[in-house]
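The values are calculated or read from the model by the stated rules, or taken from the named source; none is laboratory data. Everything numeric here is computed off the predicted structure, so don't read it as measured data. Reconstructed Cβ throughout: ideal geometry from the backbone, glycine too, with neighbour counts over all protein chains shown.
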Amino acid sequence: MVYTSAILLSLIGYFVIGHLAGRRVKHLDDYLVAGRNAPTFLILGTLVASYLSTSAFLGETGFAYQGYPFVMLIFAAISTSGCLLGALAFGRYLRRSGTLTVPEFFGKRFASKRVQTIAGLTTVVGLGAYLLGVMQGAGIMFEELTGLPYWVGLVLVWLTYTGFILYSGSPGVMLTDTVMFVIFSVAALGGSLYIIQDLGGWHGVVEGLLAQGDKPDIALWHGVLQGEDATFSTPGEALTWGLTLGLVWAAVLAASPWQSSRYLMARNEHVVMRSAMLTAVSLAVFYALMMMTGAAINLYDPTLDGEHAMVWAALNILPTWLGVVILTGVFAAGLSSCSTFLSIIGFSISNDILPANRSEAAAMRTSRIAVLAAGLIALVLALFQPPAVMAVVWFAATLFASSWGPVALMSIWSRRITAAGAGWGLAVGFVGNLILSLLVQAGWLELPVYLHPVVLGTLMALVAIVVASALTRVSQAERDYRAFLHRDDEHEPSGWMAGSRWVAAFTMLSGVAVGTFLWRQYADTLAALAGQFGIPESAVTGAYALAVGCGGMLVIAGAVGYRVVRSRNAPAHIARPAEP
């Protein structure tokens, strides 16, 4: 009854917060991009909340429980670098464009409505699948916590986030995302610390994992390599998976519509860079705590279903009050992702796919109708499609890495990419990855770890871009728009620069702290127990390398951010080229 009340109250609370935010929505710019006036904390909140969902709390923590906590840390160390890559190489230029959606940016950059439409269609299809996955995760949680039917949870969740999106648009999504970010951050921190301390701290957890025999080598950096359920058969395969998927998700963080579109709401480009660096820090801390916690749950019960491990721990291990915080936090993570994805789908349908010659009032009405229609379709699919949270979410996200990633970065940095190249790159990367992924899931195609469908899809997109661009010419409108994006203004408030340098310095110090923590708490502990448990020297060396790598990526991110802040001049007021 306690958990049921907490979930229902949280739904009511988010609905109310979203509607309060809607009072400030007067114009289309307010509805779609929150008036482009959001401060760093709100952009940070919506970035983290958009990325972390039920897939992270249930699926990825479940993968750690199944035997791969430190492979997930390798993945996280690489993937979080995409936050800064996205901000510096794409996000700040996107903010500079002043567009309402990312597909609209592609349309203006390449002076092509066709490119904008293709980007809009990939947004709707890809995010539709992503939305399906996180809705199902929220429905599963609702069913387990309340005992009510799965469909009841889906309908209530859908009514909540659809209700405030229809009224408040982006301001409601951003504000509720930030509230949810605070809740699930407290939940992750509190739950992880309780479980780890209950088992004797990091030393106790590592020693316990080494001693148990159900999942041998779970405490080593490469995870479980034996048994029918082992995902990897060699340390090299585990490392390849972590690095490959880490790079894929770095591209997702850099260019995907649900991440990059958050920058369109930022007050200025300093907010873009600050929020990106702080997002990298937040994600690094989250993964360091939650992946170890996922593995530690094995010391209570090693026979659980992976995706239900965190829910089981909250219900059976944690004090009731902390369990309530944890589970409402996990629920909030799913709800925030649902609201973000549905809003982007609806905005893209109205702004990028349907005819654009409408008044502002008509455009807002069309956006709301699109949100409602897309939400209803997602609800029907979620009700009848069997849940597979992590599989669906990871599948949908990688579609954007192979299609949007190359085009987004080349739209800023390549002088040779043409509208035809961009259109074909978006389409081929998306469809190619989609077909290969479906063939693999059906068992008709088997690929090695290093040739994940997203890797092949990206290569196909690059080939399509190069060939199509070679057969066409860059127009003057494309040259002018790219020149506008790279033009600087000499005037920039010194206070913003100083604040951004402090954030970069904090990011570097956070990297040192994360690396030192993993070195002392994990690698040193493993080294001390190596003789007792017969741990090979290569595994100990790998643990130290893991600590250096996880901390080092944040140090590098902060250093790059610091250098860019010092050397750049923000384009506060630049005349835009004529509309294509």
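Side notes on the structure shown:
- When 155, 206, 186, 182 are checked against the criterion of being within 30 Å of residue 366 (Cα to Cα) and of a type in the set (A, V, I, L, M, F, W, C), a single residue qualifies: 155.
- In this structure, residue 442 does not qualify as surrounded by fewer than 23 Cβ atoms within 10 Å (Cβ to Cβ), at pLDDT below 85 and within 20 Å of the chain's Cα centre (by Cα).
- Taken over the stretch 218-267, the criterion of being touching a strand residue (DSSP E or B) at 6+ places or on another chain (Cβ under 7 Å) and not charged (D, E, K, R) is satisfied by 265, 266.
- Set side by side, the residues 264, 304 differ, and just one is assigned to a loop (DSSP other than H, G, I, E, B), touching a residue at least 40 places away in the same chain (Cβ under 8 Å) and not basic (Lys, Arg), which is 304.
- Residue 342 satisfies every condition listed in (1) at pLDDT below 90; (2) out of contact with any Gly (no Cβ under 6 Å at 6 or more places or on another chain); (3) of a type in the set (A, V, I, L, M) except (2).
- Meets criteria (part of a helix (DSSP H, G or I) and either crowded, with 21+ Cβ neighbours inside 10 Å or touching a Pro at 6+ places or on another chain (Cβ under 9 Å) (or both)) for residue 70: yes
- Restricting the stretch 1-39 to residues that are hydrophobic (A, V, I, L, M, F, W, C) and surrounded by fewer than 13 Cβ atoms within 10 Å (Cβ to Cβ), the residue that is farthest from residue 95 (Cα to Cα): 1
- Of the helices (runs of 4 or more DSSP H) entirely within the stretch 474-580, those holding at least 3 residues that are surrounded by fewer than 16 Cβ atoms within 10 Å (Cβ to Cβ), more than 31 Å from the chain's Cα centre (by Cα) and at pLDDT 90 or above occupy 476-485.
- Residues (among the β-branched types (Val, Ile, Thr) and within 20 Å of residue 344 (Cα to Cα)) located in the stretch 156-206: 157, 160, 162, 165, 173, 176, 178, 179
- Pairs, first farther than 12 Å from residue 157 by Cα in the stretch 330-357, second charged (D, E, K, R) and at pLDDT 75 or above, C-beta under 7 Å, six or more apart: 340/177; 351/104; 352/104
- Selected residue (criterion: surrounded by the fewest Cβ atoms within 10 Å (Cβ to Cβ)) from residues of the stretch 410-428 that are part of a loop (DSSP other than H, G, I, E, B) and among the β-branched types (Val, Ile, Thr): 418
- Of all residues in the stretch 161-213 being of a type in the set (Asp, Glu) and surrounded by fewer than 24 Cβ atoms within 10 Å (Cβ to Cβ), the one that is nearest to the chain's Cα centre (by Cα): 198
- Unmet criterion (only one of (1) assigned to a helix (DSSP H, G or I); (2) in contact with a Ser or Thr (Cβ under 7 Å, 6 or more places away or on another chain)) for residue 111: (1)
- Evaluating residue 74 against the criteria (1) within 27 Å of residue 109 (Cα to Cα); (2) among the β-branched types (Val, Ile, Thr); (3) in contact with a Cys (Cβ under 9 Å, 6 or more places away or on another chain) leaves one unmet condition, (1).
- Subset of the stretch 137-160 that is touching a residue at least 24 places away in the same chain (Cβ under 8 Å) and not in a helix (DSSP H, G or I) - its residue that is surrounded by the fewest Cβ atoms within 10 Å (Cβ to Cβ): 147
- Residue ID - nearest to residue 14 (Cα to Cα), chosen from residues in the stretch 161-171 that are of a type in the set (Gly, Ala, Ser) and assigned to a helix (DSSP H, G or I): 163
- Within the stretch 29-85, the residues that satisfy the criterion of being β-branched (Val, Ile, Thr) and closer than 20 Å to residue 257 by Cβ are 33, 43, 46, 48, 54, 80.
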